[in-house]
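Accompanying notes for the structure given below.
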Amino acid sequence: MPVLWIVLVVLAIGLAGYVLGRQRALAGVGGNASQLHSLPAYYGYNSLMFAVVPAFLVMLIWLLVQPIYVESRISTLIPDSAISESSTRSLVMSDVRRVAEGLDAAVASGAMSGDFARDLRTDLTDVRARLGEIGIALGSDVSPAVLLAAQSYRATSGTLSMAMTLVVIGLALAGLATAYVRTTPEYRARNTVEAMLLALLMLASTIAILTTVGIVFSLIFETIHFFEKYPWQSFFFSLTWRPSFEGGSDLGLLPLLWGTLYISVIALLVSVPIGLFAAIYLSEYAGPKVRAAAKPMIEILAGIPTIVYGLFALITVGPLLRDYFAEPLGLGTSSSSVMTAGIVMGIMLIPFVSSLSDDIINAVPQAMRDGSLGLGATQSETIRQVIIPAALPGIVGAILLAASRAIGETMIVVLGAGAAAKIDLNPFEAMTTVTVKIVGQLTGDTDFSSPESLVAFALGMTLFVITLGLNVFALYIVRKYREQYE
Amino acid sequence: MTDLSAVPGTAGGAKKSSILEADARTRRRNAAEARFKVYGMLAVATGVLALILLLISILSNGLSSFRQTFVTFDVPLSAETLDPNGNRNPDEMSKVSTFGYSPLILNGLKEALSARGISVDEVPDADLANIISRAAAADLRDFVLANPQVVGETLSFEFLANGRIDGFFKGRVTYESAERDSNVTPDQLRVAEAMVAADLMETRFNWGFITGPDASGQRPESAGLGVAILGSFYMMLVVLVLTLPIGVAASIYLEEFAPKNRFTDLIEVNISNLAAVPSIVFGILGLAVFINFAGLPQSAPIVGGLVLTLMTLPTIIIATRASLKSVPPSIRQAALGVGASKMQSVFHHVLPLAAPGILTGTIIGLAQALGETAPLLLIGMVAFVREYPEGLPQGLFDPASALPVQVYQWTQRSDPAFVERASGAIIVLLVFLVLMNAVAVLLRRRFERRW
């Protein structure tokens, strides 16, 4: 039974539970709701939750575990002899999965009967041709071992799905029955419902932890795989990046890191002065009208998706810099360059720096301004010698957060910075970044056993560690500063 | 006092100073003050200017993509070539490939030209045929197979003009550039001009750009955003259905119920860190967990939706908590005072009062998710997809594209006509974003309560 149907059936059972639970509670007191412990609806909710919640939880876990179990079971069925020299067990397994899906589709479209698909033999039928007829293309002919594994894959998944349907619906019915039996006028339905609700709320809040755990584990596992195939010394210290899918690649991190940092520094050189001065002007000088007009306009910059900035770099800023700066100065002929990406990224970061600095400048107590102005300082002297020093830790935190943004930014550098990995000082040369290479190595058809693809996970790990470090440090500084004046 | 009065005497012939007349130092300080103020104004102006430049660049490049050049003329659907067996059976007629249809279109075009007195003798047939989009033959074939009874008649059809011809009318292609371009000849441009004069060709609004599917790199004129818009819509649906309940539940727990302990601290730290993790890392997570581990299909809106859900959750949790926090404690206390349980006070009073703020935050989170590109590249959304995904819920598992990814894909193609289309796609994306933000602002204006 498809999952959607199971969900609907369970929901229907839950609804029935609501009606039954409420009726039973009311019947127990002869329709006089004031003699019940809780409001009648709570008895209904109680039955509903008993029926639905455990069933859904079990179904979720089952859906996650079943593929892993089937996979490991079938994988042991494939004899070593069926795995050719050039292949690996995981590749054969993906063949098995494709054949099994093909058979499923064939049965679903009516091109084969269920029995026929189960008893198919490679020596009697050309499986590849039969599946090809109904539009399922297989990369190679189907070997007997693969077909056998695929058939047992289908059988096992079929049995398990059937079992899941029974277990889940059974659980829903059992939950309903339990709640129904327990429903008496004295039953503390509201307390039970609220306890279950609280547990669900808590579960929802742990998603953040699960996400972090998911990120860390997916990065760590594949990074370990990568370092099993490629020496870590060359990854961290090699000065060349030259991946080649025939093997013998150089996968040095340093050129990518250089490009990333170079672009980020230019982006910060653009965004920090502009953002900071804009924040100072808007919070200390501008009248309410200017502020009301200019502030939202700068904040719009923050709401524009990065792909828009990327396109801006590609079709406007890049050619402009090339035609008016790089070529006349003899510095290069490429429209994608460190400068292009840096300037556009700087524009993107202006609202980020300015709104963070704005908050921090506004948090400086008015008494400090008044004191300085009362001693005869001009407004700019007050800002430079009183407000900025007082806000400095917060501003540094804001700059660090902006730096972490710049390092992790992808679309602007993919479209604006180029793909050539090199260590160079000329800002009008095309260079590349960590994020560009993650996209490059993982886009399209990738084979997750080669170091050329796996390196993307090691790059992702590097990126994650750097940005996490910057964020934690910056948040620490910002938080510590905030407490100072509270 | 004596000291003070003694000052002028000891200073001897010191200059008399007046507050009406600034001395050198004051002038310097005032100049510095003015300079500082100008720096601030310049910074604000730079920011605003950058925004204006960005918008002008996108609009000037992209607005033309909503208009397209169409060619209209009669095509004789000859029965001998299209239906050799003469029984109008679509299955048998489908044996005639697009190569069978191209000569018909060419003949129709030639007749239309000669009827209008446009001489095309010096233009080779291949060049003449190329004035029409390469997609025309396939479109005609689809039409004939769907309506087999029209074979044998002569019907008026409207085809897209080739991308270069279209570019000529939009100023992208000129006679000079055509000399150097192997894809278009000046003769073709001359014919095209004559066709416009003869009302065979016109440039007008093109719905196909918004509703049509993507097309290959050879036919930019027929590339559209339909699949991408549908894919983005499916993903936003997944994001909305998952983030709203989970985000609200998590925020309620953290804001109203969570005890102050290590576990809660851990959750808080995680949320604030996740909000700052680069989006591409979420793409890696999606690839490793949803595709490689859970075996969900690549390029499917469900995977994109799940990844974007994880990405927007922190934003929505932060916004929801802020609006829960803004409900004054007196509301909770009053509810508790008349005998409500803690849970009842939250669900019956606090949550409805915080709802406008939560909705606003959710819409802004959705807008952010709609524009996100990088994580989608990693989960295979860059695949070339021409088929519309099916209806819900099956369509969630079909391959689809997404608006921002479509922009990226088009920038990677060599034909300059795709730059125009990429900018056009951005305009569509920005229109959606502006609409969503406008709704959020309206909601806030209409329902927000100041306590």
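Angle between the Cα long axis of helix B:351-370 and the longest principal axis of chain B, 0 to 90 degrees, nearest 10?
Rounded to the nearest ten degrees, it is 50.
Mind scanning A:K295/B:K260; A:K480/B:K37; A:K480/B:K342; B:K260/B:K325 and naming the pairs with a C-alpha gap bigger than 27 Å?
From the list (A:K295/B:K260; A:K480/B:K37; A:K480/B:K342; B:K260/B:K325), the Cα-Cα distance tops 27 Å for A:K295/B:K260; A:K480/B:K37; A:K480/B:K342.
In the protein assembly as shown, if the dipole is taken from +1 on Lys/Arg beta carbons and -1 on Asp/Glu beta carbons about the Cα centre, which of B:M235, B:L377, A:L39 is farthest to the positive end?
Ranked along the dipole, the leading option is A:L39.
Against the longest alpha carbon principal axis of chain A, how many degrees, from 0 to 90 and to the nearest 10, is the axis of helix A:388-408 turned?
Helix A:388-408 sits at roughly 50 degrees to that axis.
Per-residue ellipticity at 222 nm for the protein assembly as shown, helices alone: DSSP H runs ≥ 4 residues times -39500 (n - 2.57), over residue total, nearest 500 deg cm²/dmol? Could the numbers behind the result be given before it?
Numbers: 41 runs with 616 residues, N = 937.
Per the formula, -21500 deg cm²/dmol.
Which value, in Å², gives the accessible area per residue of chain A when a 1.4 Å probe is used on the protein heavy atoms?
Values: 22580 Å² over 486 residues.
Result: 46 Å² of accessible area for each residue.
Net charge around B:P399, counting only other residues with Cβ within less than 13 Å of its Cβ (Lys, Arg = +1; Asp, Glu = -1)?
Working: positive: B:R386; negative: B:D214, B:E387, B:E390, B:D398.
For residues surrounding B:P399, the net value is -3.
Going by the alpha-carbon gyration tensor, a ≥ b ≥ c the square roots of its eigenvalues, is chain A rounded (a/c under 1.5) or, if a/c is not under 1.5, prolate (a/b greater than b/c) versus oblate?
On the way: a/c = 2.90, a/b = 1.27, b/c = 2.29.
It is oblate, given that a/c is not under 1.5 and a/b is not larger than b/c.
Report the calculated FRET efficiency for B:W207 and A:S109 (r = Cβ-Cβ distance, R0 = 30 Å), to the nearest 0.05. Show your work: numbers first, answer last.
Details: r = 34 Å, r/R0 = 1.12.
Efficiency, rounded to the nearest 0.05: 0.35.
What does the charge count near A:I307 come to, summing +1 for each Lys or Arg and -1 for each Asp or Glu among other residues with Cβ under 13 Å from its Cβ? Mind showing how you got there, number by number?
Numbers: positive: none; negative: A:E409, B:E372.
Charge balance in the 13 Å sphere: -2.
What nm value, rounded to one decimal, do you get for the distance between A:S34 and B:F143 when each label is placed 7 Å out toward the C-beta?
For A:S34 paired with B:F143, the spin-label model returns 7.7 nm.
Output the Cα-based Rg and Dmax of chain B in Å, rounding Rg to one decimal and Dmax to a whole number.
32.8, 126
How much net charge surrounds B:W207 when only other residues with a Cβ under 13 Å from its Cβ are counted (Lys, Arg +1; Asp, Glu -1)?
Values: positive: B:R67, B:R204; negative: B:E158.
Here the count lands on +1.
Quick check for me: using +1 on Lys/Arg Cβ and -1 on Asp/Glu Cβ, what's the dipole size of segment B:357-440 about its Cα centre, in debye to the nearest 20? Spell out each step's value before the answer.
Numbers: 3 positive and 6 negative charges, 29 e Å.
Roughly 140 debye for segment B:357-440.
Obtain the nm distance between the two label points defined at A:A199 and A:S94 by a simple spin-label model: each point lies 7 Å from its Cα along the Cα-to-C-beta direction.
About 4.1 nm, to one decimal.
Taking only the alpha carbons of segment B:67-206, what extent do you get along each of the three principal axes, in Å, biggest first?
50, 28, 27
In degrees, nearest 10, range 0 to 90: what is the angle between the Cα axis of helix A:189-205 and the longest Cα principal axis of chain A?
50 degrees
Using 1/(1 + (r/R0)^6) with R0 = 45 angstrom and r between the beta carbons of A:V167 and A:L239, what's the FRET efficiency to the nearest 0.05?
Details: r = 58 Å, r/R0 = 1.28.
Step by step, r from the Cβ atoms, then E = 0.20.
In whole angstrom, how far apart do the alpha carbon centroids of segment A:11-58 and segment B:255-273 sit?
What the calculation gives is 33 Å, centre to centre.
Figure the gain on full extension for B:R35 and B:E122 (residue separation times 0.36 nm, minus the Cα-Cα span) and round it to one decimal in nm. Please list the in-between numbers first.
Numbers: separation 87, 0.36 × 87 = 31.32 nm, distance 6.88 nm.
Contour length minus Cα-Cα distance gives 24.4 nm.
To the nearest 20 debye, what is the magnitude of the charge dipole of the protein assembly as shown about its Cα centre, counting +1 on the Cβ of each Lys and Arg and -1 on the Cβ of each Asp and Glu? Don't skip to the answer; put the middle values down first.
On the way: 64 positive and 73 negative charges, 910 e Å.
For the protein assembly as shown, the charge dipole is close to 4360 debye.
So for segment B:226-447, considering every pair of alpha-carbon atoms, how many percent are separated by more than 22 Å?
57 percent
Determine the share of segment B:67-206's accessible area contributed by carbon and sulfur atoms, expressed in whole percent, with a 1.4 angstrom probe. Each step should come with its number before you reach the end.
Working: 3330 of 6830 Å².
Within segment B:67-206, the accessible surface is 49 percent carbon and sulfur.
Please work out how much length the chain gains when fully extended from B:A24 to B:E193, using 0.36 nm per residue of separation minus the C-alpha to C-alpha distance, in nm with one decimal.
53.7 nm
Using a Förster distance of 25 Å, how high is the FRET efficiency between A:V181 and A:Q66, based on the Cβ-Cβ distance and rounded to 0.05? Each step should come with its number before you reach the end.
Working: r = 32 Å, r/R0 = 1.26.
In this case the efficiency is close to 0.20.
Roughly speaking, what is the centre-to-centre gap between segment A:377-422 and segment B:131-175 when only Cα atoms are used, to the nearest Å?
First find each Cα centre; the distance between them is then 53 Å.
Can you classify the protein assembly as shown as rounded, prolate or oblate using the Cα gyration tensor, where a ≥ b ≥ c are the square roots of its eigenvalues, rounded means a/c under 1.5, and otherwise it's prolate if a/b beats b/c and oblate if not? Mind dumping the intermediate values first?
On the way: a/c = 1.78, a/b = 1.14, b/c = 1.56.
Oblate.
For segment B:184-240, with only Lys/Arg (+1) and Asp/Glu (-1) charged at the beta-carbon, what is the dipole magnitude about the Cα centre, in debye rounded to 20? Mind showing how you got there, number by number?
Working: 3 positive and 6 negative charges, 38 e Å.
The calculation lands at about 180 debye.
Is any residue of segment A:90-110 close enough, with backbone N under 19 Å, to a label point placed 7 angstrom from the Cα of A:T159 along the Cα-Cβ axis, and if so, which?
A:97, A:100-101, A:104
Between segment A:297-361 and segment B:55-107, how far is it from one alpha carbon centroid to the other, in angstrom?
42 Å
Using +1 at the Cβ of each Lys and Arg and -1 at the Cβ of each Asp and Glu in the protein assembly as shown, identify which of A:S283, B:S78, A:S109 lies farthest towards the dipole's positive end.
A:S283
The values are calculated or read from the model by the stated rules, or taken from the named source; none is laboratory data. What you see is a predicted model; the values in this text were computed from it and never measured. Note that each Cβ is placed from the backbone with ideal geometry, even for glycine, and that neighbours are counted across all protein chains shown. Only protein heavy atoms, including side chains, enter the accessible area calculation; ligands, DNA and RNA are left aside. Shrake-Rupley method; radii C 1.70, N 1.55, O 1.52, S 1.80 Å.
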